[in-house]
Amino acid sequence: KDENLYFRDSRFITQKEKNGQKVFWSRGNGWVMGGLVRMLANMPENYPSRVHFVDLYKKMAEKIAKLQNADGTWHAALLDPDSYAVKETSGTGFYCYALAYGINRGLLPYDKYHGVVEKAWAALVSSVHTDGKLGNVQQIGEKPETVTNDDTEVYGVGAFLLAGSEMYKLKQKNR
C-alpha cells in the first residue's frame, strides 16, 4: 500500500534486495499494471468499483514513472536497479503499454507522462536485434534476476507489441 507496488506473493513481504529495499519485481508489477488497464478497457464506465481501480492505476502510474531509469527502462528490481544493472524489456514493455494507454484514454496527463513513454519506447526499439529478436527479456522466473542482450521470451515480445499498439495510437492522436 505504501509503495503503490505489488509483491510477487507473500513469500516476498519480508525479503530485501542487496540495498535493503523491498523486493518489487519489475515484470511482476508490469503484469499488474497491464492487467489493470485490460480490466479498465473491459469494465463498464458505470461499474460500482471502477473509481477504485482507476485510483489504483493512477497511484501505480505515478510510482512507476518515478522509478524509470535514465536509459528509459525499468530494470529487473524496481527498488534496486544497481544490483540488476542491465535493462529489462518485459517490464518496460508493460509499463510503456499501460502508461500510453492511460494517456490515450485521458486517465493520465499527456504533459506529465509523454516523456516517460517516449523514453521507454525508444529503449524498447533499441533492444530489437537486426534479425528482429527482442533482447533483454528476463527469463521465466519469480523474482528479479540478471538479463543479457540475447535473452528473449514470448511474453516480452507480447508486452512490446502491446506497447507498440498504444504508442501508434498516441502518435496518431498527437500529430
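Some notes on this structure:
- Residue count for segment 126-157 under the criterion of being open to solvent by less than 70 Å² (accessible area, probe 1.4 Å) and in contact with a Phe, Trp or Tyr (Cβ under 9 Å, 6 or more places away or on another chain): the result is 11.
- Selection from segment 73-91 of residues that are under 17 Å from G156 (Cα atoms) and among the charged types (D, E, K, R): K87, E88
- One residue from L40, L78, L36 being more than 15 Å from the chain's Cα centre (by Cα) and open to solvent by less than 40 Å² (accessible area, probe 1.4 Å): L40
- Residue tally, condition closer than 11 Å to M60 by Cβ, outside any loop (DSSP other than H, G, I, E, B) and hydrophobic (A, V, I, L, M, F, W, C), over segment 1-37: 4
- Annotation note: of A159, A100, A163, A85, the sole residue that is within 22 Å of F12 (Cβ to Cβ) and touching a helix residue (DSSP H, G or I) at 6+ places or on another chain (Cβ under 7 Å) is A159.
- Residue that is nearest to H129 (Cα to Cα), among those in segment 50-109 that are among the aromatic types (F, W, Y) and either without any contact (Cβ under 8 Å) to a residue 40 or more places away in the chain or not in a helix (DSSP H, G or I) (or both): W74
- Some residue of segment 46-55 being basic (K, R), in contact with a Ser or Thr (Cβ under 8 Å, 6 or more places away or on another chain), open to solvent by less than 100 Å² (accessible area, probe 1.4 Å) and at pLDDT 95 or above: no
- Cβ-Cβ under 6 Å pairs, at least 6 apart or on other chains, segment 142-160 side in contact (Cβ under 8 Å) with a residue 40 or more places away in the chain, far side assigned to a helix (DSSP H, G or I) and of a type outside the set (A, V, I, L, M, F, W, C): P144/Y84; Y155/S90; G156/T89; G156/S90; A159/S90; A159/G93; F160/G93
The values are calculated or read from the model by the stated rules, or taken from the named source; none is laboratory data. As the structure is a computational prediction, the values presented were derived from the model and not from experiment. Positions of Cβ are generated from backbone atoms using ideal geometry, with glycine treated the same way; all protein chains shown enter the neighbour counts. Just the protein is used for accessible areas: all its heavy atoms, side chains included, with ligands, DNA and RNA removed. Shrake-Rupley method; radii C 1.70, N 1.55, O 1.52, S 1.80 Å.
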